[in-house]
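Worksheet: the structure to be examined is printed underneath.
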Amino acid sequence: MSSAEPGAVHGGSAAAYLSAVPDGGAGPRDVSGAGAPAVPPVPGAALSVPRRAGGGALIETKLHAPALRREWVPREDLVGYLAGCSSCRLALVEAPAGFGKTIAVAQWAASGMEDRPFAWVCLDRGDDDPARLWLHVVSALQRACPQFGGEDIVRALRSPVPDIAGTVLPLLANELASLAGRVVLVLDDFHLISDQGCQDQVGLLLSHLPAGVQLVLVTRADPPLPVARLRASGELAEVRAGELRFTAGQVAALVRAVAGVDLPGPDLAVLAERTEGWPAGVYLAALSLRGHSSPTAFVREFTGGHRFIVDFLAEEVLGRQPAGVREFLARIAVLGRFCVPLCEAVTGEGGAAGIIAMIERDNLFLVPLDDRRGWYRFHHLFAEVLAGQLAGAEPDLVPVLHRRASAWHRRWGSAEEAIGHALAAGEVAAAVGLIAEHWYGYMDTGRAGTVRGWLDWLGEDQIAADPVAAHCAAWCAALTGDLGSVRRWLPVLEAAGEGGSFPDGIRSAGSSAALLRGCFGFDGVEVMLAAAREAAGLESDPASPWYGLARVALGSALYLSGAPQEAAAVLAEAVASPAAIGPARVAALSLLAVVRVEGGEGAGAGELVRAARQLVADGDLGETQQGAGLWLAAGVLAAAQGRTGQARTEFEHALAIRRRWAQITPWPVIDVMVRLAAVLDDLGERPAAVALAGEAGQLLAACPGGAAAQRDRLDRLGRRLSRARPGAAGAPLTAREVTVLRLLQGTLSLREIGQELYLSANTVKTHTRAAYRKLGVSTRHDAVARAQETGVL
C-alpha cells in the first residue's frame, strides 16, 4: 500500500484509505507484479539514483521507512521489546495485512530507545529478481552507513549472470563485518519474495551475518527460513498479530486522532470486538466517523460489509489470489470454523489441505484454533467480506453449502454448528429436530442464550406451528423464569396431546405440558399435584430421563400438599432411576433428605445431603434451582443438629438463588423463607424474622389455591413470632434445647438423639430436663405438644 499525506483520501483506493496503518513503506507499491512503480515516476524524484550506487534499476523511494505521522498510535510496548532484542540475529514481524507491522518497525527505528541506523528496503514483486533485490539491499546499507562501501558488490551485480551465492553474498558479508558500528537491515513485505533462489539467498546471508548486524523481516507469512532453529537458540525476536492488535485504549487513541471523536466506553468495546483489534479496521472505522452525525449508531452498524473494508480486502488480499483459491475462500466463508474434511464436504472437492496450508502460509487472515493446526477460522471482518461476495455472486449456492455443513457437523457430533447451519440453510424441520435433541444439554450447562438464539431464529409463527419447537421453547422459558412465554406455548403442547415421542425422549407433547405444570407449580399446588400425577403416569419407563423428573415433580407436589411419607416413596424412585439426569437426582436427594430430617431420620439424611453435594460439585450446579435444593437440605440438617449459624448460611444461600425463579415457582421460595425466619428467631433476630415471615405471607397470598399446608406452616410461625418464649421465670429456651425438642418429635431414643447431635446421652438428658422445666411439662409427648402450641416448633 502506498503512503499518502495526512487527509489525502482520494480515488477510492484502499491503499489511500489505509495510509495511517499500512504494512508497506512510504514509497509507491507495485501491485502489477511486473516490478513497475504503482504511480508514474517523477524524474529526479521518485526514481532518483543514489550517488554511490551507480546505475541499475534502482527505485529510491523503496529505501525509505515511512515518516512518522500524527495519527499513528504509539506502540511503546512493541518498540521496547524490539529494542531490547538487539542481540537476536533475526527479528520477525509477521501478521496479516493491515496489522500495522510496518508502522511498528518504523516507530522502532525512530525511537529514542534505539541508537542503531536502519537500512530499509520496501520490497515488491519485482524484487524476485536477485540482482534487483540485492542492489536495493546494498543501496539501503549505503544510505544508512556512510562507511559502507559496496562498489565491488554493485559491479558484481552488473554482470550478465551475477553469481549471488558465490560472489555477491560473500562480499556483502565481509563488508558488513568491516563496519565499525551496528546496523539493522529491514526487508519490508518479505512475503512478496516468492522466488526460491531469492529466499535461499536471504537465508544464506542470515546464516553468515556478523554479530553487529540484525535482519528484520516484515511479512504476512512465515518465511522459508530456519526460524525454529533460531528460536531454539535464542536468536529470534518475534512480533505477531497477537502483539499487534490494538487494545481498547489504542482504539480510542486512533479514533480520536483520525476522527476527532471520543467514543464512550461501550462503543469502544464494540468497535474493538468488531475489528478484533485489527488496526486497519479501526482506522477505516475512524475515517468513516469523521463528521458522522451519530458515532454510536455507526459503530453498532460497522461490519465487514462496510465499503472501505470491502475495498481494502478485495484489493490487497483477494485480488492477488488465483481464481481457484478465491472460489475456495468464498465457499468456506459460510463456516464459522473449519478443518480439511469439513471444507471438502462443503465444497464437494478434494485438495483442501493444500489450499489451507497455502493460505496459512500466505497469512490470509487465518486464525489457528488449536496447536495441531487442525481447526481454523477467518478474521471476522474478512469472513464477512467473503460471505458478502459469495452472496452477491452465487446466492443460490449459499443454502446448499450450509446444508452440507450441517450434515457434516451432525455426523461428527457438533450439535451447535449443525443447528446453526440447518437454520441458515432454511432446513426448519431438521433444525427443530436437532434443537429438540440437544436443547437440554445446552440449558444444563448454562447455554440458555444459545437455545434462545435458535428459537428466535425460528420465530414465533414457526414455534406455534410445531409442538416440538413449542416444547423446547416452553422448557427454555420455564428454566429461565419466563412465565409469560411458558403460558404462550403451553396451549400448543396441550392441543397436540399424545402425538408421539420427541427427539429428547419425552413421551409426548401432553407429557411435556403436564411436567411443566407439575414441576413448577405456577398454577397452584392442587394443579401441580394433579399434573405431576399425570406426568408420572405418562413417563413410566425407568430408562427415560423424564421418568426421574416426573417423580421429582410428584414428590415435591406431595410434600407441599402435606403428604411427606408419600413424597418420600416417590422421591426414592427418582433417586433409584438409572437414567435420571443429574439435576433431577440432586432435587430428589435434597427433598428426600428434608423429609427424613423432619421424620427424625437425621443419619440417613446426612448421607443423602453428601450424595447431592457431590453431584452438585460434579455438575457445577451450585447456583441452579437444584443447587438451591441442596443448600435448603443442608440447612435443615444443620438446624436439626443445633448448628444454627450454619443453617442460616445455607438458607440464605438457597433463598438468594430461589428468588430468581419466584414468579414461576414460588413454593420453594416460601419454604426457605419460613425456615430462615425460624432460624433467625433462634439466633435472637426476631425483627428480621418477622420481616421475612411477612414477605413470605405476601408471596403466599398472591399464589393460586391449594396451599393449605403452606398456610398452616406460616400461621404456626406467626404464632411463634408473636409470643415470648415460655419458660420458668421467663427463661427462654436455648437453641440447643429447641434442637433437642425438634428431634423429640420423632421416634429416636435419647441415646440416638445424642448420636445425631454428637452429644453424650447425659448431655441430651440435661437439655431435655431443662426444656421440660421451662415448658412446664413432664413428658416427651407433652413437651412436643406444648412447643408446637406456643410456636417454638
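The values are calculated or read from the model by the stated rules, or taken from the named source; none is laboratory data. Everything numeric in this text was worked out from a predicted model, so none of it was measured. Cβ placement follows ideal geometry from the backbone for every residue including glycine, while neighbour counts extend to all protein chains displayed. Please note that ligands, DNA and RNA were not included when accessible areas were found on the heavy atoms of the full protein model with its side chains. Shrake-Rupley method; radii C 1.70, N 1.55, O 1.52, S 1.80 Å.
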>> Please compute the Kirkwood hydrodynamic radius of region 87-154 from all pairs of different C-alpha atoms, in Å with one decimal.
In response: 13.9 Å
> How big is the convex hull of the Cα atoms of region 602-641, per residue, in Å³?
Replying inline: 48 Å³
> Which value, in debye to the nearest 20, gives the size of the charge dipole of the chain about its Cα centre, when Lys and Arg are +1 and Asp and Glu are -1 at the Cβ?
Replying inline: 2680 debye
> By how many degrees, between 0 and 90 and to the nearest 10, does the Cα long axis of helix 602-619 differ from the longest principal axis of the chain?
Replying inline: 20 degrees
>> Once R0 is set to 41 Å, what does the formula 1/(1 + (r/R0)^6) return for the Cβ-Cβ distance between Thr779 and Glu526, expressed as a FRET efficiency to the nearest 0.05?
In response: 0.60
> Where does each of 142-152, 595-605 land if you order them by average Cβ count within 10 Å, highest first?
Replying inline: 595-605, 142-152
>> Contact order normalised by length for region 214-278, with contacts defined as Cα pairs under 8 Å and 6 or more residues apart; what percent is it?
In response: 30 percent
> On a 0 to 90 degree scale, rounded to 10, what angle separates helix 448-458 from the longest Cα axis of the chain?
Replying inline: 70 degrees
> Is the shape of region 539-623 rounded, prolate or oblate, going by the alpha carbon gyration tensor and its root eigenvalues a ≥ b ≥ c, with a/c under 1.5 for rounded and a/b larger than b/c for prolate?
Replying inline: oblate
> Normalised by the residues of region 433-533, what does the relative contact order come to in percent, with Cα pairs under 8 Å and at least six apart?
Replying inline: 21 percent
> If we sort 694-704, 91-101, 476-486, 413-423 on the protection proxy, mean other Cβ atoms within 10 Å, highest first, what's the order?
Replying inline: 91-101, 413-423, 476-486, 694-704
> When the helices in the chain are scored as -39500 (n - 2.57) per DSSP H run of 4 or longer and the sum is shared across all residues, what 222 nm value do you end up with, to the nearest 500 deg cm²/dmol?
Replying inline: -18000 deg cm²/dmol
> For the pair Ser540 and Ala603, what calculated FRET efficiency results from E = 1/(1 + (r/R0)^6), where r is the Cβ-Cβ distance and R0 = 30 Å, to the nearest 0.05?
Replying inline: 0.35
> Taking region 403-481, which chymotrypsin sites (Phe, Trp or Tyr not before Pro) meet the DSSP loop condition and have no more than 16 other C-beta atoms within 10 Å?
Replying inline: Trp412
> At q = 0.10, 0.11, 0.18 Å⁻¹, what log₁₀ I(q)/I(0) does a Debye calculation on the Cα points of region 97-217 give, no solvent, two decimals?
Replying inline: -0.29, -0.35, -0.96
> Once label points are set 7 Å from the Cα along Cα→Cβ at both Asp163 and Arg300, what is their separation, rounded to one decimal in nm?
Replying inline: 7.1 nm
> In region 390-452, if every C-alpha pair distance is counted and binned at 10 Å from zero, what percent goes to each bin?
Replying inline: 24, 48, 22, 6, 0
> Counting other Cβ atoms within 10 Å of each Cβ, which trypsin sites (Lys or Arg not before Pro) in region 689-793 have at most 16 and sit in a DSSP loop?
Replying inline: Arg723
>> Sorting check: for 755-761, 568-574, which peptide has the highest mean count of neighbouring beta carbons within 10 Å, and how do the rest follow?
In response: 568-574, 755-761
> What is the chain's relative contact order, in percent, from Cα pairs under 8 angstrom and six or more apart in sequence?
Replying inline: 7 percent
> Of all the Cα-Cα pairs you can form in region 143-194, what percent are over 14 Å apart?
Replying inline: 62 percent
>> How big is region 447-547 along each principal axis, measuring the range of its Cα positions in Å and listing the largest first?
In response: 35, 27, 26
>> At 1.002 mPa s and 20 °C, plugging the Kirkwood radius over alpha-carbon pairs of region 212-297 into Stokes-Einstein gives what diffusion coefficient in µm²/s?
In response: 142 µm²/s
> Out of [x] 1.00; [y] 1.28; [z] 1.17, which label holds the value of Rg/Rh (Cα atoms, Kirkwood Rh) that was computed here?
Replying inline: [z]
>> Through the Karplus equation 6.51 cos²θ - 1.76 cosθ + 1.60, θ set to phi - 60°, convert the phi angles of region 527-532 into ³J(HN,Hα) values in whole Hz; use x for Gly and Pro.
In response: 5, 4, 5, 5, 5, 5
>> From the P(r) of region 556-671, could you give the percentage of C-alpha pairs in the tail past 19 Å?
In response: 41 percent
> Dividing the Cα radius of gyration by the Kirkwood radius, what Rg/Rh value follows for region 406-484?
Replying inline: 0.95
>> As a test of understanding, state the convex hull volume per residue of region 259-303 from its alpha carbons, in Å³.
In response: 62 Å³
>> I'd like the accessible area for Val575: 1.4 Å probe, protein heavy atoms, all chains in place, Å² to the nearest 10.
In response: 40 Å²
> What's the Cα-based Rg to Rh of region 178-254, Rh via Kirkwood?
Replying inline: 1.05
> Over region 370-518, how many percent of alpha carbon pairs lie in each 10 Å bin up to the one with the longest distance?
Replying inline: 11, 36, 31, 15, 7, 0
> What are the semi-axes of the equivalent ellipsoid for region 742-793, taken as the square roots of 5 times the Cα gyration tensor eigenvalues, largest first, in whole Å?
Replying inline: 19, 12, 8
>> Placing unit charges on C-beta atoms (Lys and Arg positive, Asp and Glu negative, everything else neutral), compute the dipole magnitude of region 95-144 about its Cα centre in debye, rounded to 20.
In response: 60 debye
> With the Cα gyration tensor of region 607-737 giving a ≥ b ≥ c as the square roots of its eigenvalues, does the rule (a/c under 1.5 for rounded; else a/b larger than b/c for prolate; else oblate) give rounded, prolate or oblate?
Replying inline: oblate
> Once both axes come from the Cα atoms, what is the angle between helix 686-701 and the longest principal axis of the chain, in degrees from 0 to 90, rounded to 10?
Replying inline: 90 degrees
